[in-house]
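This report concerns only the one structure given below.
The values are calculated or read from the model by the stated rules, or taken from the named source; none is laboratory data. Keep in mind the model is a prediction, meaning the values are calculated, not measured. Glycine gets a Cβ as well: all are built from the backbone with ideal geometry, and neighbour counts include every protein chain shown.
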Amino acid sequence: MGKTIAEKIFSQHSGEDARAGDLVIAHLDFIMGQDGTAPLAINSFHEMRGEKVFDPSKVAFVIDHSAPSPNEGVSSLHKLMREFTSKQGILLYDIGHGVCHQLMLEQGHVVPGDLVIGADSHTCTYGALNAFSTGVGSTDLAAGIISGKLWFKVPETIKFLCEGILPPGVFSKDLILYLIGDIGADGATYLAAEYCGETISALDVEERFTIANMAIEMGAKAGLMEFDEKVKKWVAGRSKKPPRPVFADPDAKYLEIRKYDLSHLEPQIACPHTVDNVSPVGQVEGLPVQQAFIGTCTNGRINDLRIAARILTGKKVSPGVRLIVAPSSRQVFLDAMNEGIIQVLVEAGAAIVTPGCGPCVGTHNGVPSDGEVVLSTANRNFKGRMGNSRASIYLASPATVAASAVTGRVTDPRPFFL
Amino acid sequence: MSILKGKVWIFGNDIDTDAIIPARYLNTSDPSELALHCMEDADPSFPGKVSPGDIIVAGKNFGCGSSREHAPLAIKEAGIACVIAESFARIFYRNAINIGLPILESAEAAAFLKEGHQVEVNLDKGEIMEISSGRRFSAVPFPPFMQEIMAKGGLINFVKEKVKKSE
């Protein structure tokens, strides 16, 4: 019997013939922690009597969730991270570098075939590079950086076979929202998701990140994709590590194969307060919006900002709307400046904030008021997510958010792409 | 740790980590500070009315969302003896075991139990009993490896003992 991508990666990293359902102890290629989770992991590291990180070149910490620090409590947690990374000789991406997942990808820390853990649930993003990456908590992170290994239950795999080319004005964000709405917020719990087919192949690598990023919003342990020339090229420009592509066997066993024709997909929107509460944008069209947010590990990359700039060129953000933009990294910020995108966004009335997570996770930089409607490119619309449990968060593509920022109401962006 | 008795608090489906402990309170790693805001965005009055030994009973996908270990820590430190749910999100499940918060998966118990019920939980056997009616439910058993971590009170103690043995 053949193997899935997940079974192959766990076999290679555990030295065993790993099959779905097996418990294995596997070697880790890279480990990441951020300022929401690393401080607890540092405490656990000491409680476990850890002395040295197993391999300083395979660990990075990122200060992105509250960057720069909004209060003294967070400042002391950041200080703890700075002292720990300095003592251990591990890489620290301090404030302004950007969102952890964007850095892991663009700085070349992950290549195809890798097994990676991160103490952040959206670590699944790297699956778009044909790597198995998954989110863990602080205690697992501590065990990982001490030993370089972690126990895993090898997951069964559910395959999403996506056919058809997305119509103009419809993006990978709409695709993943649609899939989550279809399968539900716990539809892939404990499973690996494989996203493949013509629709995925046609997307650029950066567009694919948006899909893999949100695998966790259907409960999945990983959001995996196939290796192709686009991935090979993307990685070659960024990492010195050799890629080790992994292909599923033709006779691999899947728990389920779900087929979709996406050639007529409409722009999608996730309504409060769960990510699977998805409908076509048309059903919510006209709802007044008070805050629009473009950024995050889901949709804060240069391709996303290009789309926003295309819509906002020569236009103004509606007077009733606050548009906040957070480039997902310093590199994205620089690229956007060089391309004139920042000029366009600022002239339109956007407020640009430091590359990082801020508004998405509700720590600072854009906490909404009671009763307000927020339209965001992020991955979560949980009650209270952005720092106020009496606000309503809707999720959509950068195109939908930018178009709605112009009109002041939830707006179908397709007319901008005719 | 094997037998627990406590009063039930009911929560619905998809209780996410932002409802369990909002990120705006993650400016500390002190579990007692976190406990003051436990479940606040799901029920603002919860931190004031929960008593040590109480039990949370919820629907499907409990603990979905973030990987923040502060979520099970806040629940444990608030005095909750265990969480019973129809199902748990993956990272929460793993974090709860790692920090020694007992969790039990039972769709039948989650459907039957009501707020204020008194229940008895036998963690070793995975049995849940509603005391007034005597109704019993069995939870999905943990693999032996995870039972061992839970018996040690979490991964930290588990690792410490392994290190001790190898010394």
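Below is a table of values for the structure above.
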| quantity | calculated |
| --- | --- |
| Members of the stretch A:388-418 that are within 22 Å of residue B:12 (Cβ to Cβ) and part of a loop (DSSP other than H, G, I, E, B) | A:388, A:389, A:390, A:391 |
| All positions within the stretch A:21-40 that are surrounded by 20 or more Cβ atoms within 10 Å (Cβ to Cβ) and of a type in the set (A, V, I, L, M) | A:26, A:28, A:31, A:32, A:38, A:40 |
| Residue among A:156, A:163, A:106 that alone is under 16 Å from the mean Cα position of the chain (by Cα), surrounded by fewer than 23 Cβ atoms within 10 Å (Cβ to Cβ) and in the same structural domain as residue A:49 (by TED's automatic domain parsing) | A:106 |
| Matching residues, the stretch B:1-50, being polar (S, T, N, Q) and over 13 Å from the mean Cα position of the chain (by Cα) | B:2, B:13, B:27, B:28, B:29, B:32, B:45 |
| Any hit, the stretch A:245-260, residues being among the acidic types (Asp, Glu), out of contact with any Asp or Glu (no Cβ under 8 Å at 6 or more places or on another chain) and assigned to a helix (DSSP H, G or I) | no |
| Filtered residues of the stretch B:37-57 (kept if touching a Phe, Trp or Tyr at 6+ places or on another chain (Cβ under 8 Å) and surrounded by fewer than 23 Cβ atoms within 10 Å (Cβ to Cβ)) | B:37, B:40, B:42, B:43, B:46, B:50, B:54 |
| Residues that are acidic (Asp, Glu) and closer than 30 Å to residue B:14 by Cα, drawn from the stretch A:217-265 | A:217, A:256, A:261 |
| Lone unmet requirement of (1) over 15 Å from residue A:26 (Cα atoms); (2) more than 9 Å from every other protein chain (Cβ to nearest Cβ); (3) of a type in the set (D, E, K, R) for residue A:149 | (1) |
| Residue B:104 vs. criteria crowded, with 23+ Cβ neighbours inside 10 Å and away from every other protein chain (no Cβ under 14 Å) | yes |
| Subset of the stretch B:128-137 [surrounded by 13 or more Cβ atoms within 10 Å (Cβ to Cβ) and out of contact with any strand residue (DSSP E or B) (no Cβ under 6 Å at 6 or more places or on another chain)] | B:135 |
| From B:103, B:91, B:55, B:75, residue being closer than 27 Å to residue A:81 by Cβ and under 11 Å from the mean Cα position of the chain (by Cα) | B:75 |
| Residue that is surrounded by the most Cβ atoms within 10 Å (Cβ to Cβ), among those in the stretch A:168-225 that are on the phi > 0 side of the Ramachandran plot and in contact with a Phe, Trp or Tyr (Cβ under 8 Å, 6 or more places away or on another chain) | A:219 |
| Failed item, numbered, when residue A:210 is tested on (1) of a type in the set (S, T, N, Q); (2) under 13 Å from the mean Cα position of the chain (by Cα); (3) within 26 Å of residue A:57 (Cα to Cα) | (3) |
| Listing of strands (runs of 3 or more DSSP E) fully contained in the stretch A:289-376 that carry 2 or more residues being free of Cβ contacts under 8 Å to residues at least 60 places away in the same chain and β-branched (Val, Ile, Thr) | A:322-326 |
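One line per residue, one yes/no per condition, for (1) of a type outside the set (Gly, Ala, Ser); (2) within 13 Å of chain A (Cβ to nearest Cβ); (3) without any contact (Cβ under 8 Å) to a residue 12 or more places away in the chain:
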position	(1), (2), (3)
B:52	yes, no, no
B:56	yes, no, no
B:59	no, yes, no
B:80	yes, no, no
B:83	yes, no, no
B:108	yes, no, no
B:128	yes, no, no
B:132	no, no, no
